[in-house]
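Have a look at the structure below, then the notes.
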Amino acid sequence: MSGGLDRRVVTPAMVPVAVTTKRTDRPGRVRYALVGNGWRSTVYLRLGAVLPDMFDVVGVVTRRPEPGEAIERDFGVPTYRTIEELLQQQHPEFVVLSVPWPLTPELTRTLVAADVPVLAETPPAPDVDGMHALWSDVGTADLVQIAEQYALMPLHAARLAIVREGVIGTPTSAHVSSTHLYHAVSLLRSHLGLGITPATVSAVEWSAPLVDPITPTGWTHDTTPKELTSVLATVRFAGDRVGLYDFTDNQWWNPLRPDRMTIRGSHGEIHDESVVRMADPVTPVVSRIERAVTGIGMNYEGTDLTHLSFEGRVVFRNRFEGGRLSDDEIGVAELLATMGAWTRGDGPAPYPLAQGLHDHRVGLAVEEAARTGSAVVVEDEPWMEG
């Protein structure tokens, strides 16, 4: 550029301006504390770091000082050794539990006794006896929600919006091949429009060779097939709606077993991003769910998901633009924002304890049916009453 032209350089510091000048609705700020310092905890910390106007992490409980020192150094968040110490110093709207399974029920009881709302990572208790005991102790407190973010992730949320609009009629069956057990059951129930209902589970499992090129520790550079276990289960819910569960070991990471989801209805079908339905009595048509992302080509707003559309209209909008978030992180952000609104009495509960317990109970039934080869019936659980 030359002469008297105004030189403007787009820098990372200017990117939020492109977001705020859209004037789209953004959630109010939530204040939460965190218990735990595992890999999953970093999602909640990162949200506070990249979107501080919406997420305020007021403190983290770590039993050992060394992880606490790392969190204070890397994220600038104060840490404490006990929940009691945290609550003496801070007043969060709610506390997120991101700890090993056996610790979750006891810490949930501690926070409920202190009258503090809880958002507990899945599952809320490890086994059936633990779930029964937890429900007996805190089930009526109306303080416990479960951190189930999958249905809030962009593509799932877009498909849910299309299903709820009635585009494919009444949903009758769904097939999830993506994530495991309670997460998959949650997706099946939500896309079938089901509450907490009895379920009959049948399953088979088998092993087969498969290359496993990447794990949570990184790329293996190993193309030798390994014997990995797959589970295929049918979940027949009350009301004759059927879920198909399909999962292979390490499918979360393995690119050779990509995500798949199908929802079949009385008037059409959604398969991944494709939607088929009748335009009129003699014309079946296919439309696609389209993803809009900035930062491609000559777009200088930075790489970010903006929205998903279907037939020219928005069916999901990213309320957290500017954070450069993954789909999983967007789901967690939606969960935190919904949890904050619920604690203030400004919105519905994100995922009540009863739902989290039920999804885990059905997930355990999948494992039992695969192990024994016999059908397993889930009914008459205490959280199903009423």
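Just so you know, the averaged projected area of the alpha carbon convex hull for the chain sits at 24.7 nm². Across the chain, Cα pairs under 8 Å and at least six residues apart give a relative contact order of 19 percent.
Heavy-atom accessible area per residue, the range 21-114, 1.4 Å probe: how many Å²?
On the way: 4740 Å² over 94 residues.
Accessible area per residue: 50 Å².
With contacts taken as Cα pairs under 8 Å at a separation of at least 6 residues, the range 49-125 carries a relative contact order of 23 percent.
Measuring between their Cα centroids, the range 348-386 and the range 139-217 lie 13 Å from each other.
Solvent-accessible area per residue in the range 299-362 equals 34 Å², computed with a 1.4 angstrom probe and all protein chains kept.
The portion of the accessible surface of the chain made up by carbon and sulfur, rounded to a whole percent, is 53 (1.4 Å probe; DNA, RNA and ligands excluded). Less than 5 angstrom separates the built amide H of residue 172 from those of 264, 265, 266, all sequence-distant by 5 or more or on a different chain. Derived scalar couplings between HN and Hα for the range 122-136 equal 6, x, x, 7, x, 9, 5, 4, x, 5, 4, 5, 5, 4, 4 Hz in order, rounded to whole Hz, by the Karplus curve 6.51 cos²θ - 1.76 cosθ + 1.60 (θ = phi - 60°), x for Gly and Pro. Annotation: amide H-H contacts under 5 Å for residue 146 (H modelled 1.01 Å from N, sequence separation of 5 or more, or interchain): 120, 351, 353. For the range 227-307, what does the alpha-carbon gyration tensor say about shape, rounded, prolate or oblate, given a ≥ b ≥ c as the root eigenvalues, a/c under 1.5 as rounded, and a/b over b/c as prolate? Taking the square roots of the gyration eigenvalues as a ≥ b ≥ c, the range 227-307 is oblate. In sequence order, the range 298-307 has phi-based couplings of 8, 8, 9, 7, x, 6, 6, 6, 9, 6 Hz under the Karplus curve 6.51 cos²θ - 1.76 cosθ + 1.60, θ = phi - 60°, and Gly or Pro positions carry x. 3J(HN,Hα) along the range 363-371, derived from phi through the Karplus expression 6.51 cos²θ - 1.76 cosθ + 1.60 where θ = phi - 60°, amounts to x, 5, 5, 4, 4, 5, 5, 5, 6 Hz, with x in place of Gly and Pro. Where only DSSP H runs of four or more residues are counted, the chain gives -9000 deg cm²/dmol as its mean residue ellipticity at 222 nm, each run worth -39500 (n - 2.57). Within the listed set 273, 290, 66, the residue fluctuating most in the Gaussian network model of the chain (springs between alpha-carbon atoms under 10 angstrom) is 66. In the context of the full set of protein chains, the range 222-298 has a per residue accessible area of 59 Å² (1.4 Å probe).
Considering only DSSP beta bridges whose two residues both sit in the chain, what percent are antiparallel, to the nearest 5? Display every interim value, and only then the final one.
Working: 56 of 79 bridges.
Roughly 70 percent of the DSSP beta bridges within the chain come out antiparallel.
Structure remark: mean-square fluctuation, Gaussian network model of the chain, C-alpha springs under 10 Å; the largest value among 145, 89, 355 belongs to 89. With viscosity 0.890 mPa s and temperature 25 °C, the Kirkwood radius over alpha carbon pairs of the range 49-130 converts through Stokes-Einstein to a diffusion coefficient of 179 µm²/s.
The values are calculated or read from the model by the stated rules, or taken from the named source; none is laboratory data. Computed from a predicted structure; not experimentally measured. When the accessible area is computed, the model is the full protein with side chains, heavy atoms only, and any ligands, DNA or RNA have been set aside. Shrake-Rupley method; radii C 1.70, N 1.55, O 1.52, S 1.80 Å.
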